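A short worksheet on the structure shown next.
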Amino acid sequence: MSKPRVVSVGQCGVDHGAISRFLQTGFGAQTIAADSAEEMLDLLDDGDVTLVLVNRVLDLDGTRGVDVIRTLKADPRGANVATMLVSNFASAQAEAVAVGALPGFGKADIGRQTASQALEPILGTSGQ
């Protein structure tokens, strides 16, 4: 089985590193950074992407993550790709789910069982 590929959109360097380590250690996933919706869509052209994680507010330009998710779900390249919002705010999670994302997790959950449980249906059993 091939290694899961995750595109992480709009995280600052520190958060991208924490997410990458968590996904590599827990799921054997490769995480690729994207700074914008356009870069995210270009990465979808490069090969199989298992999951797209979108920050609540993109670090580079302040774009709302839910708007990035709308863009992804409206594009044929990303309409069927599993997508989650990275946010500790329940209201932001609900808004993301309303536009097509799966229930996500917050940065405070990275490394915790709640995040692992959210990711396991997509990336496989943790610890692989």
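The numbers here are math on the coordinates, done by the rules we state, and not lab data. Model, not experiment: these values are computed from the prediction. Note that each Cβ is placed from the backbone with ideal geometry, even for glycine, and that neighbours are counted across all protein chains shown.
Observations on the model:
- Taken together, the criteria exclude Thr25 from residues that are within 24 Å of Ser2 (Cβ to Cβ), without any contact (Cβ under 8 Å) to a residue 60 or more places away in the chain, surrounded by 19 or more Cβ atoms within 10 Å (Cβ to Cβ) and polar (S, T, N, Q).
- For region 1-39, a residue qualifies if it is among the aliphatic types (A, V, I, L, M), over 23 Å from Ala108 (Cα atoms) and outside any helix (DSSP H, G or I), and exactly one does: Met1.
- Looking across region 40-58, the residues that are touching a residue at least 24 places away in the same chain (Cβ under 8 Å), outside any strand (DSSP E or B) and within 17 Å of Thr71 (Cβ to Cβ) come down to Met40, Leu41, Leu43, Leu44, Asp45, Val49, Arg56, Leu58.
- Residues being surrounded by 14 or more Cβ atoms within 10 Å (Cβ to Cβ), under 19 Å from Gly111 (Cα atoms) and not hydroxyl-bearing (Ser, Thr, Tyr) - total across region 73-98: 4
- Residues satisfying the stated conditions in region 101-127, i.e. small (Gly, Ala, Ser) and surrounded by 16 or more Cβ atoms within 10 Å (Cβ to Cβ): Ala101, Gly104, Gly106, Ala115, Ser116, Ala118, Gly124, Ser126
- For region 1-14, the set of residues classified as surrounded by fewer than 17 Cβ atoms within 10 Å (Cβ to Cβ) and over 17 Å from Leu123 (Cβ atoms) consists of Cys12, Gly13, Val14, listed by residue number.
- Close pairs (6 angstrom Cβ cut-off, 6 or more residues apart or separate chains): under 20 Å from Gly17 (Cα atoms) in region 59-72, surrounded by fewer than 22 Cβ atoms within 10 Å (Cβ to Cβ) anywhere: Asp59/Cys12; Leu60/Asp35; Gly65/Arg56
- Region 95-128, residues that are among the β-branched types (Val, Ile, Thr), within 15 Å of Thr31 (Cβ to Cβ) and outside any loop (DSSP other than H, G, I, E, B): Ile122
- No other residue among Asp61, Asp67 is under 16 Å from Glu39 (Cα atoms) and in a loop (DSSP other than H, G, I, E, B) apart from Asp61.
- Test: residue in region 83-101 that is among the polar types (S, T, N, Q), under 17 Å from Ser116 (Cα atoms) and in contact with an Asp or Glu (Cβ under 8 Å, 6 or more places away or on another chain): yes
- Val49 vs. criteria under 19 Å from Glu120 (Cβ atoms), β-branched (Val, Ile, Thr) and under 10 Å from the mean Cα position of the chain (by Cα): no
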